[in-house]
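In what follows, a structure is listed as structure tokens, so that the remarks can point back to it.
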Amino acid sequence: MKTTKTYTVNEAKQALEHYCAYQERCHIEVLAKLNNMGMIPQAQEIIILHLLKENYLNEERFAKSYARGKFLIKNYGRIRIERGLKQKQISAYLINKALQEIEEQKYLETLNILLEKKEASISESNPYKKKKKIVDFLLRKGYEYALIEASIRKYIKI
């Protein structure tokens, strides 16, 4: 759905500067916003170049911020974060750089905390069904199967 308001290039630049200053954005989000504003491709190119030049738009900064935020706030694992960044069409190089923002020790601690909380919340008497529920939950969160198995062996006696 396109807006009825029309924008000049300068008005659109200002609007997009505010949009990018409010929160880190990737190119795909900015393009979607420009399309929604009804901007023609030539104007979109001018505006994106301006945002890049003025450092309002920075893919690396976005990727790192996204990875940190999803891990610290939503407790997502690396797999889910990587999938989210791929959906935003971030390059593999920047995805790897962003995933390095997550400290290994903190990652394992978070995995174990989630495991213990989930285990405490499940009232399943069959230990195999209980384990499956925990594994499924952690896989949905985006954690690696090998790490989940190692944590379960360490914390839960099945």
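The values are calculated or read from the model by the stated rules, or taken from the named source; none is laboratory data. Everything numeric here is computed off the predicted structure, so don't read it as measured data. Neighbour counts run over all protein chains shown; Cβ positions are idealised from the backbone, glycine included.
What residue, among those in the stretch 62-82 that are of a type in the set (D, E, K, R), within 21 Å of Leu115 (Cβ to Cβ) and over 8 Å from the mean Cα position of the chain (by Cα), is surrounded by the most Cβ atoms within 10 Å (Cβ to Cβ)?
Applying the filter and picking the extreme gives Arg78.
Looking at (1) assigned to a loop (DSSP other than H, G, I, E, B); (2) at pLDDT 95 or above; (3) of a type in the set (A, V, I, L, M, F, W, C), which is the only condition Ile158 fails?
(2)
List the helices (runs of 4 or more DSSP H) inside the stretch 1-87, counting only whole elements, that have at least 1 residues being among the hydroxyl-bearing types (Ser, Thr, Tyr), without any contact (Cβ under 8 Å) to a residue 40 or more places away in the chain and at negative phi. Show your work before the answer.
Values: elements: 9-22, 27-36, 41-53, 59-74, 78-87.
By residue number, 9-22.
Among (1) loosely packed, with under 14 Cβ neighbours inside 10 Å; (2) closer than 28 Å to Met37 by Cβ; (3) not small (Gly, Ala, Ser), where does Glu59 come up short?
The number of the failed condition is (1).
Each row is one residue, and each column tells you yes or no for (1) closer than 12 Å to Arg78 by Cβ; (2) under 22 Å from the mean Cα position of the chain (by Cα); (3) of a type in the set (Val, Ile, Thr).
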position: Gln105; (1), (2), (3): no, yes, no
position: Thr110; (1), (2), (3): yes, yes, yes
position: Glu116; (1), (2), (3): no, no, no
position: Glu124; (1), (2), (3): no, no, no
position: Pro127; (1), (2), (3): no, no, no
position: Lys131; (1), (2), (3): no, no, no
position: Ile134; (1), (2), (3): no, no, yes
position: Tyr143; (1), (2), (3): yes, yes, no
position: Lys154; (1), (2), (3): no, no, no
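Pick from the stretch 7-39 the residues that are of a type in the set (Val, Ile, Thr) and surrounded by 11 or more Cβ atoms within 10 Å (Cβ to Cβ): which of them is farthest from the chain's Cα centre (by Cα)? So that I can check it myself, show each step before the final result.
Kept after step one, since they are of a type in the set (Val, Ile, Thr), are these residues of the stretch 7-39: 8-9, 28, 30.
In the following step, the residues that additionally are surrounded by 11 or more Cβ atoms within 10 Å (Cβ to Cβ) were identified as 9, 28, 30.
Numbers: Val9: 30, Ile28: 14, Val30: 16 Å.
So the residue we want is Val9.
Are any residues in the stretch 88-116 touching a helix residue (DSSP H, G or I) at 6+ places or on another chain (Cβ under 7 Å) and part of a loop (DSSP other than H, G, I, E, B), and if so, which ones?
Matches in the stretch 88-116: Lys88, Gln89, Ile90, Glu101, Ile102.
Based on what the data block shows, is Glu124 modelled with pLDDT under 90, of a type in the set (D, E, K, R) and surrounded by fewer than 18 Cβ atoms within 10 Å (Cβ to Cβ)? Give the steps one after another, and end with the answer.
Details: modelled with pLDDT under 90: yes; of a type in the set (D, E, K, R): yes; surrounded by fewer than 18 Cβ atoms within 10 Å (Cβ to Cβ): yes.
Spelling it out, Glu124 is indeed modelled with pLDDT under 90, of a type in the set (D, E, K, R) and surrounded by fewer than 18 Cβ atoms within 10 Å (Cβ to Cβ).
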